[in-house]
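Here is the structure we will look at.
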Amino acid sequence: MTRHVLVLGGARSGKTAFSEQLAIRSGSRPAYLATAQALDAEMRDRVASHQALRTAKFATIEEPLALSDALIKASAEHDVILVDCLTLWITNLLMANEDVAAAVSDLCATLVQLKTAKVILVSNEVGLGIVPDNAMARTFRDLAGSAHQRLAEICDDAYFVVAGLPIVLKGEAPGVAETRRHEA
């Protein structure tokens with residue numbers, strides 16, 4: 001049975017490294033589906049840093065908006081797909097004036113139907129801090145929180161990563177020693 005996974009955590013919490021190790025252990029043909037858009041020098045440096053740290057075992061797919069379509073297409077060739085990250089995807093949708101709630105509904109429907117590949121979704125938990133001081137930031141926080149709730153409901157496993165350590169929110173506990181790696 002394919003078990004889809006949601007991995008949440010704060011910035012630089014170790015969630016990507018944890019997710020990469022889960023993906024490597026979960027399949028022989030992993031794909032890394034990146035949602036980032038490198039629109040400035042700082043973001044280009046971040047993307048390059050992530051790529052340098054990633055093992056060569058991953059095929060890289062870049063898709064900032066059409067996540068469900070990309071997952072369906074990738075599942076034809078890959079047995080595990082790591083999506084990094086949902087909060088960047090939500091930002092991309094907002095900036096493109098797309099309907100985020102509809103896109104999340106489409107993603108949920110895709111995940112329920114997708115049985116040929118395990119999907120590991122990485123996302124930043126942004127609801128633990130102070131209330132943002134502007135409407136767009138509050139909208140983003142609310143949309144991300146709603147997306148996380150909907151995805152946690154349909155994913156088989158959900159983890160919250162703090163200081164590189166996964167906390168099981170739902171489902172099976174991974175072997176911590178097998179999945180820990182220092183995130184630069």
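The table below lists the values:
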item	result
Difference of contour (0.36 nm per residue) and Cα-Cα distance, residue 170 to residue 41	42.7 nm
FRET E, pair residue 142, residue 112, Förster distance 22 Å, beta-carbon r, rounded to 0.05	0.40
Selected from 129, 145, 171 as most flexible by GNM, with the chain as the system and alpha-carbon contacts under 10 Å	129
Amide hydrogen neighbours beyond the local backbone of residue 83, cut-off 5 Å, H modeled	33, 120, 121, 122
Accessible-area value, residue 105, 1.4 Å probe, nucleic acids and ligands omitted, Å²	50
Range in the chain, longest, excluding exposed trypsin sites (Lys or Arg not before Pro) [loop by DSSP; at most 12 other beta-carbon atoms within 10 Å]	13-114
Carbon plus sulfur fraction of accessible area for the stretch 51-162, probe 1.4 Å, in percent	55
Cα lying deepest toward the dipole's positive end in the chain, options 74, 124, 17, charges on Cβ	17
Sequence-distant residues sharing a close amide H with residue 27 (under 5 Å, placed H)	none
Extended-chain gain in nm, criterion 0.36 nm per residue less alpha-carbon gap, residue 102 and residue 152	16.3 nm
Residue-averaged 222 nm ellipticity for the chain, from DSSP H runs of 4+ at -39500 (n - 2.57), nearest 500	-13500 deg cm²/dmol
Computed label-point distance, nm, for sites residue 94 and residue 135 using a 7 Å Cα→Cβ extension	1.3
Per residue, in Å², the accessible surface of the chain once ligands and nucleic acids are set aside, probe 1.4 Å	51
Interchain or long-range residues, amide H under 5 Å from residue 169's placed H	158, 159, 160
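The values are calculated or read from the model by the stated rules, or taken from the named source; none is laboratory data. Owing to the predicted nature of the structure, the values given are computational and were not obtained by experimental measurement. Note that each Cβ is placed from the backbone with ideal geometry, even for glycine, and that neighbours are counted across all protein chains shown. What goes into the accessible areas is simple: the full protein's heavy atoms, side chains included, and nothing from ligands, DNA or RNA. Shrake-Rupley method; radii C 1.70, N 1.55, O 1.52, S 1.80 Å.
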